[in-house]
Structures are given as C-alpha cells and as structure tokens.
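One structure is given here, and the rest of the page talks about it.
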Amino acid sequence: MKHEPMIHIVDDDDAVRDALYVLMCSQDIPAQTYSSAEDFLDQHAQFKLGCLLLDVRMPGMNGLQLLKELNKQNISIPVIFITGHGDVTMAVEAMKAGAIDFIEKPFDNEYLLNRVNNCLSECLNINHTNEQRQQIEAMIETLTSRERQVMELLLEGKQNKVIARELDISPRTVELHRAKVMKKLDAHSLSDIIRIALFSGQFKLS
Amino acid sequence: MKKLKQAAQGDEAATPKTELLAELKNMSQQELLQQFRLLQAEIEVPIDVDGDERLAHELQVYRIELEMQNRELQEAQQELELTRDRYADLYDFAPVSYASFDAKGIIKNINLTGAAMLNQPRANIIDHPFLKWVSTADVNVFFRHLQKTLQTDSKTVDEIQIKNQQGEFFNVRLESIRSGSAAANVFLCQSVMLNVTEQKQAQNEISLQARQLKLITDALPVMIAYLDADEQHLFANKTYIDWFALSPAKIIGKRAREVWEEKIYSKVKTYLNIALLGRSTTFDMDLPVDEAEKKYISATIIPDYDVNQQVHGVILLIGDITERLALEVVDRKRLLDAAHVSRLNTMGEMASEIAHDLNQPLAAISIYSDACRRMIELKKAEPEAILQILTDISAQAERASDVMRRIRAFVSKKELLLVKTSINEVIEEAMYLLNVELRSHDVKLILSLADNLPLVLVDRILIEQVVLNLARNAIEAMETIDIAQRLLKIYSIAEGSNEIEVCIEDAGPGMSSDEMSHIFEPFHTSKKNGMGMGLAICHSIIDTHHGRLWATSNDHGGTIFSFTLPLMAEEPDHEA
C-alpha cells in the first residue's frame, strides 16, 4: 500500500461519486470511493493519509455525524464537505466540528480541485501558524462596521434579502458589502469566510 | 196472492170448511172405520126387505165415502197451507228484499226485508208508488228498468239509488223478471232489490286508492310501468308516458317492443327476460334517443308473482340519471381542478427537494464533462475511457429528464383516467418523488407492500397524490421527534376479498381525538403556510374511487392514515 496522500470520496449518490472519482483520476489524484459513512468507517484504517470529500446529507450516518465520530476516535483527517445550495447552518456546524472547507453544489470543479490539492499537500500539517493568524486578524481589521454586520448575518445563514430587511438597506447594497468583505478577506466563497471567522475567534457562530 | 197476503197479515175470518175439518178431526179414525165395516156387512147380506131400506143404506154408504174423500181433501189443503205459510215466511224473512211493481211503478207487494230497507210499515208501502223512495237522479233509470222488464222475458239488471224515510241513501241493484199472464195482459215486475251500498263504497274506496296511487306515481320522478307476461303495458305513470312522449293510449295495452322501439328494446330485453324468469335485476345503461343525444338510465325490474308463484308480470322502475351524471361530471371536474391546484402546491413546497433531485444528475454531468475535457487537454484520453464517461453523462441526462418527466406528469392536469393499476407501483412512484424529502428530514422509510395484490381501477396521478400527501404529512408530523425515531411505514394489504388497503403510519406525537375529528374538513390546518385543503382533497379523491380514507392512532402515539380502494368487481360510472 502506497503511503501517498489519497482523496476519500464519501457520497451516497452513485453518479456524483463516480463523477468525482473520474475527475480525480483525470488529474492523477489517487482516489477511493465509499457509498456511505459506515462504509468509510469500516475501511478508513487502511488509509491514514489523505483527505476526505464528504457529502453532508446521506441516509444512515450523515457527513457531520461521521466527522464527529472521527473526532471521537481521535482520527485527524482534513475534511471537505459538499453541501446543497444555501445550507449555511450545516456548513457552520461542519466548520466548527473541524472541517477545513465546504463547497456548495453545484460547484466549480477548478475550485474543488484546488482545494483538494491544497488539502493533500498540507494534509500532514493542518495547524495554522501564528503568522497566518496575524494575517487574518489584520484583514478583519480592515472591515467597516457595516461590512462586519453584513458578515455576521451571512454567518447566521441569512440570505441577502433577509439581511437587507434587517439592516434596512437595499439587497443591492448588501451585495456590494458582501463583495467588499470577500475582497478584503481574500475569500473566494462563503466557506472561506466561515473558516476565517472560525479561525479568528472574533465571531459568534451559531 | 191475496190469500197469502191475508195469511201474512193474520186477518183471516173463520170459515165453515174449517169447522167441518174440526168436526172430522174430533171423530176418531177407528170409529169411522168401524161404522164403515158395519155398513159394508149390512150391504152384503141379501136383503129381501123392501127397497127403501136398501136405498137408505146405500145412501148412507155414499155419505161416508164422501166424507172420507172430503177429509182427504181437507188434509191436502192443510198441507198446502202449511207449505204456503213456509214460503210466505221465506219471502218475508229472506235476507234480500223482494218487491213487485205494476207497470206504473206502484208497489204491489214487498217483503219484510224490503219494508225494513225502506224503513216503513208494509201498509205504508203497498199500493204506493216506488218513486217516493227513488233518488230524483235515478227516476228515469227506474222507469226504463220497469219498461224493459215488462217487455221481455229475460232478467233486467240496473242500479239505482234510493232514499229511505230516515233520509239514508242506499245503492240498490234491481234484478227483475216479468210475472203474470200474457193472456190477461197483466204483468208484474218481480224484483230482487240488493243493497250494494257497502259494495259500492268499497268500490269507491278502491277507485279512490287507485286515484291516490296514480297521483303519487304520477308525481314521482321515476318512470314506473307494469308489464304483463306478454310484455304488454298494463300501467304506466305520467313520468313514463311523458318520457316516451306518447299518448297513454299508445302505451297502455301495447307491447314493450312497440312502445320502446327496437333500439331500446334490444338493449333492455336481456334484463326484462331475467325479471320474467323470476329474478329482480338492477342495471345502468345509456339509451340512444336520437343520433346526437343519449340518455342514461338506472333501472330496476321486479317480477310480480301470481298465487301459483308464476311470474305474471314485471314492475319497471326507471330513473333518468342523465342530469345527475352531468352534475357528477361537473363535481368531478371541480375535484380534478382542486386536486391539480393541490399538486402544484405540493410541488411548490417540495421545490428545494426537487431542485436537489435535479442537482445530483446535473452535478454529475458537469463533473463528468469537466473530467473529460481535462483528460483530452492532458492528452491522456483513452477513447474507451471517454466513451465510458460519455455513456455515464448520457445516463445522467436521462436521469434528470426522468425527474422532470415525473414531476411534469404529477403536476399535469388531465381528465379522470381510470386504468387497471398495481397499487404498489403507485406507492413506489410517490416514494420516488418523496425520496429527497425523506433524506433531508432524516426519516427512515419502511415499505411493506404485499405481493400479488389484485389490480385496482384508479387514476394513477390522483392516488399517487394521496399517497404523497399522506406521506409528507407523516414526515412533517415527525419533525419534533428525535431523528433516530423518525420512521415512516407504508404498507399495502388485501383487505377481505373486495378491497385493498394502504396504510401510512408515522411515529410522531399523534393527534388529539378532537383534532382527528376535524382533519378532513376543508381549511382545517396545523401548518403555518397550509391551506388546509390537502386532506379534504385526498378524501374526495378516495371517495371518487369508491374507497374510504380515515385516520387512527397507533399504539405508540403516532397516527395511521389508511385508505381502501375497491377491487374491480364493478365497472365505475361512465368514464369521461
């Protein structure tokens, strides 16, 4: 057995699972597939190295339960969650449980591959450095109070129009603030924002 | 006749004849015989004495002979008088009234019963004109009767009304014959007067009842007719007559084939035969009225038995259900509209689930094609591998279109379409749509579908809607309970020999009995955004399929919704 980092794909949908596998193969990323969380738990011992690409919603044990189970068993493996569109609550919970990332379906394959590659290359060293921490705090400092408000509400899983109503501004303005937040934090997705927020410890996450 | 009358009245005077009779009676038979024999002996003795004495002796003999003859006569007459008295009694005390009229209608004699009927002493009747008691309206009838009787030898019968002294009216049947001699040209009209008042009343009552019956049957919206064993109409009510738009004369007494015409007769004949063979039969059918128009009827034919238990006629009860069916079509259309709106509503509520359902194959397609592109770009595309991926892509495209097809079928609006259907297939189809929702609510599904269930005649979409609706309610009912306990059970079983039952059971907290009693009412809802129409519509849908839908609590506090569907024993109403 090669001790080469490998991507473990856990998804109950045969087609999506197979497609992801084919995608990994096309990039020469070693991959292994599992049709359920239970299936993975049965076999994971053989693959200490690598990262886990995990569908959140599955019959039986779901993605989040698997992650918690791995934590309980002290198995440390970077996890990227795949969620349905707009399922922020689940994403936040996943990140709090230690997932390093989550991507929303339908996703940008390029983005996914980047994340997977990063994950694989860093998989032996998943601890963030002080340097990174300072960098992140500096980025958060640059946010205006309004941008910060928008970010907080985003983290609560609220949609633009809901945020607009709560802050009594137009949805268009919310979008502008949101774009600015993304830019200032060098975030490419909602998951980046969640990760930064978690990492900084400055935000209350439900 | 006068003597009879005198005897009857007891006013006869004593006559010499009766005195003689009494004298003779006093003389003993023995004495007479003795006298006779003595005389005989004297005659036989040769008497040489003078002829005077002999002559006197002969005279004596004749006298005795005469007396004896006379006595026999008297006895015969007595017999006659006794007989006569008996006949007079018979005449007087007979239960029927007798009377004799002369040509002018004067009562010449009447018996006691007759006098009693007129409620007068006989003396006040005899030699009085009968007209005193005849109702004015019937005077002519009486005179014609009298005339006819006196002119012919045959019996004359008529009915007249008479009025007695008390003012009571009687209906009397006169049955009269002529008596008397043609030679003397004195005829009497001898009449029997029968009191037929009660009979007449009974007849009137019968005809009243018949009239009432006719009024009732005419007022009924059902066509009613009576046909005898030869299929002749003996009776038809107004509705029946009007339906055929014929005059009663063209129906009563006419055969069914004549009245109905061949096109109807040929269709009904089978059922008519069944009833004529002694079995009641009920059937629905459409009847051609003309080229463009059809009528729908619901008919019952009941055999009518005579005393020998033979069918001697049939009663036809026919309802024209054309209008009712038209109303049913309107009702059904309303239900179909409401059900359609409800399905659209359900799909709206399931939008995110449906999106997810579509997302899976679309995501797979997107990833596959991207992988393909990358393989080609990296120039490591094996044709076989590419071909395989393309096949997979195509399968996923098919999967997506399948989802679309199912959803489109579910939300489509069609006429009621009853087809022989496996209920299990319908349940599985509903579960297909429900799959994502089950996953997103972490509900475990247990399907327990009986094998080899007979087919049911249903509208697949409507029943699928019911199953989906009940299952979604069940899922919603379990929102508040622990994920591990969320269990949806659906089972199908053959219930008895004529229906199939489907149960949808949740493990939720259940309903109060009060709540349960209102759940099928329109606008009753426990949901924030619900219209409260879902269950009411489900109920109507199952009703339309002649099944039942109800809810019960299970042992663990949850709720079981059950519905039945009848097996295909009978054809349903006319399909739209």
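The values are calculated or read from the model by the stated rules, or taken from the named source; none is laboratory data. This is a predicted model, so every value here is computed, not measured. Glycine also receives a Cβ, built like all others from the backbone with ideal geometry; neighbour counts cover every protein chain displayed. Accessible surface is based on the protein model in full, side chains and every heavy atom, while ligands, DNA and RNA are left aside. Shrake-Rupley method; radii C 1.70, N 1.55, O 1.52, S 1.80 Å.
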Query - Single match in B:Lys163, B:Lys108 (criterion: surrounded by fewer than 19 Cβ atoms within 10 Å (Cβ to Cβ), touching a residue at least 24 places away in the same chain (Cβ under 8 Å) and within 14 Å of B:Leu188 (Cβ to Cβ)) - result: B:Lys108
Query raised in the report: Limited to region B:176-193, what total is found for residues that are surrounded by fewer than 18 Cβ atoms within 10 Å (Cβ to Cβ) and in contact with a strand residue (DSSP E or B) (Cβ under 7 Å, 6 or more places away or on another chain)?
Result: 5
Requested in this report: Quickly run through region B:256-275 and pick out the residues that are open to solvent by 40 Å² or more (accessible area, probe 1.4 Å) and at pLDDT 85 or above.
Outcome: B:Arg257, B:Glu258, B:Glu262, B:Ser266, B:Lys267, B:Lys269, B:Thr270, B:Tyr271, B:Asn273, B:Ile274
Query raised in the report: Across region A:57-91, what is the number of residues that are away from every other protein chain (no Cβ under 13 Å) and under 24 Å from B:Ile367 (Cα atoms)?
Result: 6
Requested in this report: Looking for whichever is assigned to a loop (DSSP other than H, G, I, E, B) and either within 14 Å of chain B (Cβ to nearest Cβ) or open to solvent by less than 40 Å² (accessible area, probe 1.4 Å) (or both) here; the options are A:Ala99, A:Ala94. Which one fits?
Outcome: A:Ala99
Query - Selection count, region B:61-102, where residues are open to solvent by 100 Å² or more (accessible area, probe 1.4 Å) and either of a type outside the set (D, E, K, R) or closer than 30 Å to B:Phe142 by Cα (or both) - result: 9
Query raised in the report: If we scan region B:391-409, do we find a residue that is at negative phi and in contact with a His (Cβ under 6 Å, 6 or more places away or on another chain)?
Result: no
**Report entry** Considering residues of region B:442-451 that are outside any strand (DSSP E or B) and surrounded by fewer than 21 Cβ atoms within 10 Å (Cβ to Cβ) only, the residue nearest to the other protein chains (Cβ to nearest Cβ)
**Finding:** B:Asp442
Query raised in the report: From the set of residues in region B:394-412 that are within 13 Å of chain A (Cβ to nearest Cβ) and open to solvent by less than 30 Å² (accessible area, probe 1.4 Å), which is nearest to B:Lys333 (Cα to Cα)?
Result: B:Val403
**Report entry** Total residues in region B:194-236, condition open to solvent by less than 90 Å² (accessible area, probe 1.4 Å) and acidic (Asp, Glu)
**Finding:** 4
Requested in this report: Inspect all residues belonging to region B:557-569 and state whether any of them is farther than 20 Å from B:Leu455 by Cβ, touching a helix residue (DSSP H, G or I) at 6+ places or on another chain (Cβ under 9 Å), at pLDDT below 90 and in a loop (DSSP other than H, G, I, E, B).
Outcome: yes
Requested in this report: Pairs only if they're at least six apart or on different chains, beta carbon under 8 angstrom, first in region B:365-392 and facing another protein chain (nearest Cβ under 9 Å), second open to solvent by 80 Å² or more (accessible area, probe 1.4 Å) and at pLDDT 90 or above; list them, first residue then second.
Outcome: B:Cys372/B:Leu390
Query raised in the report: So B:Ala576 fits all but one of (1) among the aliphatic types (A, V, I, L, M); (2) more than 30 Å from B:Asp286 (Cβ to Cβ); (3) open to solvent by 40 Å² or more (accessible area, probe 1.4 Å); (4) at pLDDT below 90; what number is the exception?
Result: (2)
Query raised in the report: Among B:Glu428, B:Glu415, which is the only one that is open to solvent by 50 Å² or more (accessible area, probe 1.4 Å), in contact (Cβ under 8 Å) with a residue 12 or more places away in the chain, part of a helix (DSSP H, G or I) and more than 14 Å from every other protein chain (Cβ to nearest Cβ)?
Result: B:Glu428
Requested in this report: Give the number of residues within region B:138-160 that are surrounded by fewer than 13 Cβ atoms within 10 Å (Cβ to Cβ) and farther than 19 Å from B:Leu194 by Cβ.
Outcome: 4
Requested in this report: Name the residue, out of B:Arg439, B:Arg472, that is of a type outside the set (Gly, Ala, Ser), assigned to a helix (DSSP H, G or I), closer than 30 Å to A:Met90 by Cα and without any contact (Cβ under 8 Å) to a residue 12 or more places away in the chain.
Outcome: B:Arg439
Query - Residue under evaluation B:Val436, criteria (1) out of contact with any helix residue (DSSP H, G or I) (no Cβ under 6 Å at 6 or more places or on another chain); (2) within 11 Å of chain A (Cβ to nearest Cβ); (3) buried (at least 21 other Cβ atoms within 10 Å of the Cβ), criterion not met - result: (1)
Query raised in the report: Got a sec? Which of B:Ala355, B:Ala351 is among the hydrophobic types (A, V, I, L, M, F, W, C) and more than 8 Å from every other protein chain (Cβ to nearest Cβ)?
Result: B:Ala351
**Report entry** Within region A:30-58, considering residues that are assigned to a loop (DSSP other than H, G, I, E, B) and open to solvent by 10 Å² or more (accessible area, probe 1.4 Å), the one modelled with the lowest pLDDT
**Finding:** A:Phe47
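Quick grid of which residues meet (1) at pLDDT below 90; (2) open to solvent by 60 Å² or more (accessible area, probe 1.4 Å); (3) more than 28 Å from A:Ile100 (Cβ to Cβ):
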position: A:Asn130; (1), (2), (3): yes, yes, no
position: A:Arg133; (1), (2), (3): yes, yes, no
position: A:Ala138; (1), (2), (3): yes, no, no
position: A:Glu152; (1), (2), (3): yes, yes, no
position: A:Leu155; (1), (2), (3): yes, no, no
position: A:Lys161; (1), (2), (3): yes, yes, yes
position: A:Ile169; (1), (2), (3): no, no, yes
position: A:Thr173; (1), (2), (3): no, no, yes
position: A:Lys180; (1), (2), (3): no, yes, no
